[in-house]
Amino acid sequence: MPINLQKNYIVSQGFDESGRLYMQHWMWRMQLGWDLHPAIKLPDSSDARIVEQGCGNAAWLVSVAADLEKDQKHATLVGLDADSSHFPAAANLPANIKLGILDAFTEDLPAEYVGQYDVVHVRAFSSVVKQGNPGPLIENAYKMLKPGGYLQWDDLDGGSFKAVAPGSDSEAASVSTTAA
Ligand SMILES: C[S@@+](CC[C@H](N)C(=O)[O-])C[C@H]1O[C@@H](n2cnc3c(N)ncnc32)[C@H](O)[C@@H]1O
């Protein structure tokens, strides 16, 4: 069942918000130097299958698809969001990216998504988690993964607004974006 995002999500679904998501994506990529964490090993033998929950305008998926194509890796990418307002037209997406509607916190995960993916990606969801409980989102991600798959969750340290890669020296690797 679709959820009411006006009630459940603080940010608008307009053109300006899509622009903000693009800017945020490029800042993330420039700061971290990657979209898909370098420790993630995709299968060599078959098409990798990657899904993103709350994909917004699919900026991350498009960027990952371009990187994989450069590396001559075959992949199928799926973007899911509770609302399609930010979805680019299918004709403007690479053929290996498909988008669909799903509440990331659903308690009734459709069977078509179960056990299907090598990677589940979640980003910028700290403002979406309700009542401090990310449990349903993590449970769904776990169900969506193939055995040995990866959950990559990138999120904000809202207090400092620093971008820090896991395992890196947080002082050296980060840039404070706090306004003076
Ligand atoms: C929370 S941000 C995520 C942005 C995206 N992951 C990125 O990094 O560019 C905005 C998106 O989250 C979606 N969203 C908010 N609540 C959601 C939910 N419960 N399930 C799925 N998507 C949700 C919004 O519709 C919007 O497209």
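When the residues of region 118-133 are filtered to those that are crowded, with 19+ Cβ neighbours inside 10 Å and within 13 Å of the ligand (Cβ to nearest atom), the one that is farthest from residue 24 (Cα to Cα) is 120. For region 78-115, a tally of residues being within 24 Å of residue 129 (Cα to Cα), aliphatic (A, V, I, L, M), exposed (fewer than 15 other Cβ atoms within 10 Å of the Cβ) and touching a strand residue (DSSP E or B) at 6+ places or on another chain (Cβ under 8 Å) returns 1. Total residues in region 1-43 satisfying the condition of being more than 11 Å from the ligand (Cβ to nearest atom), modelled with pLDDT of 90 or more and among the charged types (D, E, K, R): the figure is 1. Scanning region 124-180 for residues that are at pLDDT 95 or above and in contact with a helix residue (DSSP H, G or I) (Cβ under 6 Å, 6 or more places away or on another chain) turns up 144, 151. For region 137-152, a residue qualifies if it is more than 11 Å from residue 53 (Cβ to Cβ) and part of a helix (DSSP H, G or I), and the qualifying residues are 139, 142, 143. Give just the number: which of (1) buried (at least 17 other Cβ atoms within 10 Å of the Cβ); (2) over 19 Å from residue 165 (Cβ atoms); (3) more than 9 Å from the ligand (Cβ to nearest atom); (4) modelled with pLDDT under 95 does residue 75 not satisfy? Exception for residue 75: condition (4).
Within region 52-69, identify whether any single residue is part of a strand (DSSP E or B) and modelled with pLDDT of 95 or more, and answer yes or no. Scanning region 52-69 turns up at least one residue that is part of a strand (DSSP E or B) and modelled with pLDDT of 95 or more.
To keep it simple, each residue is scored yes or no on (1) among the hydrophobic types (A, V, I, L, M, F, W, C); (2) near the ligand (Cβ under 7 Å from one of its atoms); (3) in contact (Cβ under 8 Å) with a residue 24 or more places away in the chain.
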residue	(1), (2), (3)
56	no, yes, yes
67	no, no, yes
82	yes, yes, yes
89	yes, no, no
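Output the number of residues of region 97-117 satisfying the condition of being within 16 Å of the ligand (Cβ to nearest atom), assigned to a loop (DSSP other than H, G, I, E, B), closer than 26 Å to residue 74 by Cβ and over 14 Å from the mean Cα position of the chain (by Cα). Here the count works out to 2.
The values are calculated or read from the model by the stated rules, or taken from the named source; none is laboratory data. Everything numeric here is computed off the predicted structure, so don't read it as measured data. Every residue, glycine among them, receives a Cβ derived from its backbone with ideal geometry; neighbour counts consider all protein chains shown.
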